[in-house]
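Participant: Structure incoming, see below.
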Amino acid sequence: MAYRKMGKDIYNVGGSDRRINMFENIIPLTNGEGVAYNSYLIVDEDAVVLFDSVDSAVLRDWQENIDNILEDRPIDYMVIQHVEPDHCAGIIIMLKKYPKMTIIGNKKSFQFLKQFYFYDAIESGQARVIKEGDTLETKNHKYQFIMAPMVHWPEVFMTYDSVDKRFFSADAFGGFKALNGNYWADEVDMNEWIDEMRRYYINIVGRHGAPVQKLFKKIEDVEIKEIFPLHALCFRDEENISLILDLYQKWSSYTPETTGVVQVYASMYGNSKDLAEEFSILLAERGVRNIQMFDISQTDPTTIMAKLFQYSHAVFHVINYNTNLYYPMHNLMNELTHTNYQNRKYALTVSKSWGGQAEKQVQEFLQNMKDVEQIGDTFNILSRRTSEQMEELQVLADTLATSILGN
């Protein structure tokens, strides 16, 4: 049993999966840091309210946590803000254990519940279907439901407790990494968490910037003293609440956080890698200070994508492979398109060797992205840069450095 009391009557009864290697079976979780599944139990004087369930990996711990806190007291309401399986493994168990419990969700919530678990809570009489602005009142709390479709699933809603100024934010403001006893952001070094929160947002929510912006409009006049996401840290101090809200504003409006450049290269035999190394030195000599560099074959694209969204500029060093765009680079471009990469500037180098469609194909991706602008001319090599091309490469470095530094 491992739960933490988060206030006078609220507990985080979720758990952390430290064995998982791939989130959603696609996103690597590095260094064994795992992921946390948060669920919140509010034990009011007249009613017990449970917010969301957990993934099957931590189901037993979740059940034991709840049993230990409640003993023989029943749950009166279960609020299901997001019917994605990593938050739903215990819903049917609780519905059967507490037949008088009311499950709260919107129309789409109960449709998904039936799709995933073949359980019709409306037909069983256990469902309360809510809509925008509906409320649930207990003796010491007043919960208002805020619809947030496509942040990041169509049924998502969030909940605001106007008494304690608590915002239950579903998957928003979450991140990767397990919790290590410190559940609040003010208890940790946030510099160690931001990268994984950004990677989580870009790869999970990133495509849906417009719905996140709509959510911000709904809550712009709401006083928030605490934020309770379904993954990772909770927030209770003004500094970190402001930090995460500001980051989400930037991420969802596709505004760069960092002025600098991310170089992404594809290289089978090291020649394009050498070009990228050389180009990074040329940029540094011109005063560019924030330079990142990634081998597309060695670094997972979810990490590269998060950095590309963080930085203002990019350099893509592409190669042909069987006459087409090297497929790891093709996959990256496809995912950048899918997540609405925009409002950035890039430079391009191409290794043609014996010909192919790489330049044409990568430009088709980039030129179809919104407000993505090429800086300078494409720099082409035939396998390796020649000494005669050094001046041309320096011109490209001058042009890109000027764009980055704003000179």
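Participant: Taking a 1.4 Å probe, which of R73, R236, R60 shows the most accessible area, and what order do the others take after it?
Facilitator: On the way: R73 80, R236 100, R60 170 Å².
Highest to lowest solvent-accessible surface, that is R60, R236, R73.
Participant: Amide H of S351 versus every other amide H placed in the peptide plane: which residues, excluding those fewer than 5 positions away on the same chain, fall under 5 Å?
Facilitator: Close amide H contacts, sequence-distant or interchain: V318, I319, N320, I381.
Participant: What's log10 of I(q)/I(0) for region 272-333 at q = 0.16 Å⁻¹, Debye sum over Cα points only, no solvent?
Facilitator: For region 272-333 at q = 0.16 Å⁻¹, log10 I(q)/I(0) is -0.57.
Participant: Once amide H atoms are built 1.01 Å from N in the peptide plane, which residues 5 or more positions from Q374, or in another chain, come under 5 Å H to H?
Facilitator: Result for Q374 returns Y346.
Participant: Shifting gears a bit: Percent of Cα-Cα pairs more than 16 Å apart in region 1-43, please. Intermediate results must be reported in sequence, preceding the final value.
Facilitator: Working: 416 of 903 pairs.
Roughly 46 percent, rounded to a whole number.
Participant: Sticking with this one: Which GluC sites (Glu not before Pro) does region 28-116 hold that lie in a coil by DSSP with at most 12 other beta carbons within 10 Å? Write down the numbers at each step before the final one.
Facilitator: Values: sites: E33, E45, E64, E71; in loops: E33, E45, E71.
Here the GluC sites (Glu not before Pro) that fit, given the DSSP loop and packing criteria, are E45, E71.
Participant: May I ask you to evaluate 6.51 cos²θ - 1.76 cosθ + 1.60, the Karplus curve with θ = phi - 60°, for each residue of region 169-184 and list the ³J(HN,Hα) values in order in whole Hz, giving x for glycine and proline?
Facilitator: 9, 6, 7, 5, 6, x, x, 7, 5, 6, 8, 10, x, 7, 8, 9
Participant: Would you kindly derive the ³J(HN,Hα) couplings of region 225-237 from the backbone phi angles with the Karplus curve 6.51 cos²θ - 1.76 cosθ + 1.60 (θ = phi - 60°), listing them in order in whole Hz, with x for Gly and Pro?
Facilitator: 9, 8, 10, 10, x, 8, 9, 6, 6, 9, 10, 9, 9
Participant: Still on this model: If you take the Cα atoms of the chain, find Rg, then find the Kirkwood Rh from the mean of 1/r over all pairs, what is Rg/Rh? Numbers along the way, then the final one.
Facilitator: Details: Rg = 24.3 Å, Rh = 23.1 Å.
Rg/Rh: 1.05.
Participant: Also: Could you give log10 I(q)/I(0) at q = 0.11, 0.17, 0.25 Å⁻¹ for region 64-156, computed by the Debye formula over C-alpha point scatterers of equal weight, without solvent?
Facilitator: Log10 I(q)/I(0), no solvent term: -0.32, -0.78, -1.42.
Participant: Amide H neighbours of G34 under 5 Å, at least 5 residues apart or on other chains, H built in the peptide plane: list them.
Facilitator: A178
Participant: Please give the calculated 222 nm ellipticity per residue for the chain, where each DSSP H segment of at least 4 residues contributes -39500 (n - 2.57) and the sum is spread over every residue; nearest 500 deg cm²/dmol? Each step should come with its number before you reach the end.
Facilitator: Working: 12 runs with 130 residues, N = 407.
Taken over the chain, the calculation gives -9500 deg cm²/dmol.
Participant: Let me ask something else. From the Cα gyration tensor of region 317-378, with a ≥ b ≥ c the square roots of its eigenvalues, which class applies: rounded if a/c is under 1.5, or else prolate if a/b is larger than b/c, or else oblate?
Facilitator: On the way: a/c = 2.62, a/b = 1.46, b/c = 1.80.
Oblate.
Participant: Something else: Can you pull the three principal axis extents for the Cα set of region 271-395, in Å, largest first?
Facilitator: Per principal axis, max minus min of the Cα coordinates gives 39, 37, 27 Å.
Participant: Cα gyration tensor of region 162-280, axes a ≥ b ≥ c as square roots of the eigenvalues: rounded (a/c below 1.5), prolate (a/b > b/c) or oblate? Intermediate results must be reported in sequence, preceding the final value.
Facilitator: On the way: a/c = 2.72, a/b = 1.94, b/c = 1.40.
The shape class here is prolate.
Participant: Report the trypsin sites (Lys or Arg not before Pro) located in region 151-227 that are in a DSSP loop and have at most 14 other Cβ atoms inside 10 Å of their Cβ, or state none.
Facilitator: Details: sites: K165, R166, K177, R198, R199, R207, K214, K217, K218, K225; in loops: K165, K225.
Passing both the DSSP loop test and the Cβ count: K165, K225.
Participant: Anyone know which of N180, N320, N343 comes out most mobile in the 10 Å Cα GNM of the chain?
Facilitator: N180
Participant: Go through region 14-22 residue by residue and turn each phi into a ³J(HN,Hα) via Karplus (6.51, -1.76, 1.60, θ = phi - 60°); whole Hz please, and just put x for glycine and proline.
Facilitator: Rounded to whole hertz, the list is x, x, 10, 8, 9, 9, 5, 9, 9.
The values are calculated or read from the model by the stated rules, or taken from the named source; none is laboratory data. Everything numeric here is computed off the predicted structure, so don't read it as measured data. For neighbour counting, all protein chains shown are included, and Cβ atoms are generated from backbone atoms with ideal geometry for every residue, glycine included. With ligands, DNA and RNA removed, areas are computed over all heavy atoms of the protein, side chains included. Shrake-Rupley method; radii C 1.70, N 1.55, O 1.52, S 1.80 Å.
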